[in-house]
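The values are calculated or read from the model by the stated rules, or taken from the named source; none is laboratory data. Fair warning: this is a prediction, and the values are worked out from it, not measured in the lab. Counting neighbours? That spans all protein chains shown, and the Cβs are built from the backbone with ideal geometry, glycine included. Ligands, DNA and RNA are stripped out before the accessible areas are found, and what is left, the full protein with its side chains, is counted by its heavy atoms. Shrake-Rupley method; radii C 1.70, N 1.55, O 1.52, S 1.80 Å.
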Amino acid sequence: MMKNDIIIRSEENTDHRAVEELIRESFWNVYRPGCSEHYVIHLLREDPAFIKELDLVMEKGGRLIGQNMFMKTLIKADDGRNIDVLTMGPICIAHDLKRQGYGKQLLDYSLEKAAALGFGAVLFEGSIGFYGKSGFDYASKFNIRYHDLPEDADFSFFLCKELRPGYLDGVTGVYLTPKGYYVTDEQVEEFDKHFPPKQKLKLPGQIF
Ligand SMILES: CC(C)(COP(=O)(O)OP(=O)(O)OC[C@H]1O[C@@H](n2cnc3c(N)ncnc32)[C@H](O)[C@@H]1OP(=O)(O)O)[C@@H](O)C(=O)NCCC(=O)NCCS
C-alpha cells in the first residue's frame, strides 16, 4: 500500500534487526521497566502460528516507522468446538511519531488485509482508547473470556473485532494466548544484551 510518502509492505528477512530495534525503542519503559516485545517478535517469526502474509512494516520517506504482525490462535468454545481466530501484535510506531495517525493507518490496513485473507475475528489485549477507533470492542460483549482469569475479573483490556460480521455468533468460550508470547525475564535479559544499553525506568502507568 502506498499513500503520499507512506508505504506499508511485507517485512523482509533483511528488516529483522531494524524492526526489533524499532520495537525496542517504541515499547521501552511503556508497560514495564524496559520491554520484552523485541524478543517476542524475534521468536514468533519462527512459530508455526505466525502469519507471514500479515507481517507488515510501515515506511515514511524510506524510514522504517512502524510494524504489525498476527498469529493464528483458538477460542475453546463451551460446546467443545475450536474456533479459529487471530491475535495481533506487537504493533508499534516509532517513538517520535506516535499520536499522529500512523498507528491507526497501519492497523486499519492490516485488518483489511486479514479480512481479505478470510480470517474471521481478531482478539488481543490492548487499550480501547486506540483500538476502539478501529472497530474493536470489549471481548466480553462477544461472550469470549480470557484464559486463566476468574469470572469476576476486570476483562476490559481484552478486545475483539469480527472481520467477518457474525463470525462469533453463537460462540461462547475461552480465548487462548499462543504459547509463543510467553517469555521469561531471563531470556529477555539475555537477548537484550545484543542491543545498545538503555536505562530501565519504573514509571507511572506501567502495568507490570
Ligand atoms: C499504540 C500505538 C501503536 C498507536 O499508534 P499511534 O500512531 O501513536 O496512534 P494514532 O495516532 O494512530 O492514534 C489513533 C487514535 O487512537 C488514539 N490513541 C492512540 N494511542 C492511544 C492510547 N495509548 N490511549 C488512548 N488513545 C490512544 C489517538 O488519540 C487517536 O485518536 P484520534 O484520531 O481521535 O486523535 C503507538 O502509540 C505505539 O507504538 N505505542 C507503543 C507500543 C504499544 O503500546 N503498542 C500497542 C501494544 S497493545
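Some points to look at:
- The long axis of helix 16-27 is offset from the longest Cα principal axis of the chain by roughly 80 degrees.
- Efficiency of FRET between Arg164 and Asp185 - r from beta-carbon atoms, R0 45 angstrom, step 0.05: 0.75
- Beta bridges per DSSP with both ends in the chain, % antiparallel, nearest 5: 90
- 28 Å tail of the calculated P(r), the chain, as % of Cα pairs: 27
- Given a 1.4 Å probe and the protein chains as shown, Lys104 ends up with an accessible area of around 70 Å².
- Relative contact order, whole percent, for the chain stands at 25, derived from Cα pairs under 8 Å and 6 or more residues apart.
- When the convex hull of its Cα atoms is viewed from all sides, the range 160-208 shows a mean projected area of 6.5 nm².
- Put Asp5, Asp148 in order of accessible area, highest first, and with a 1.4 Å probe you get Asp148, Asp5.
- Calculated P(r) of the range 1-40 - Cα pairs past 16 Å, %: 48
- Computed over protein heavy atoms with a 1.4 angstrom probe, the accessible surface ordering of Thr184, Thr73, largest first, is Thr184, Thr73.
- Rounded tilt (10° steps) of 102-116 against the dominant C-alpha axis of the chain: 50
- Rg/Rh for the range 38-85 (Cα atoms only, Rh after Kirkwood) is 1.16.
- Calculated SAXS-style log₁₀ I(q)/I(0) at q = 0.15 Å⁻¹ - the range 125-208, Debye, Cα scatterers: -0.77
- Most fluctuating residue given options Lys72, Lys161, Lys193, as computed from a GNM of the chain linking Cα atoms under 10 Å: Lys193
- Only alpha carbons enter this Debye calculation for the range 115-157, each as an equal point scatterer, and the log10 of I(q)/I(0) it gives at q = 0.26 Å⁻¹ is -1.02.
- Kirkwood-based Rg to Rh ratio, the range 1-76, C-alpha trace: 1.00
- Residue pairs, from the table Lys60/Lys200; Lys76/Lys133; Lys52/Lys104; Lys72/Lys133; Lys98/Lys133; Lys52/Lys202, whose Cα atoms sit over 25 Å apart: Lys60/Lys200; Lys76/Lys133; Lys52/Lys202
- Base-10 log of normalised Debye intensity for the range 80-172 (one unit scatterer per alpha-carbon) at q = 0.14, 0.15, 0.18, 0.22 Å⁻¹: -0.53, -0.61, -0.85, -1.18
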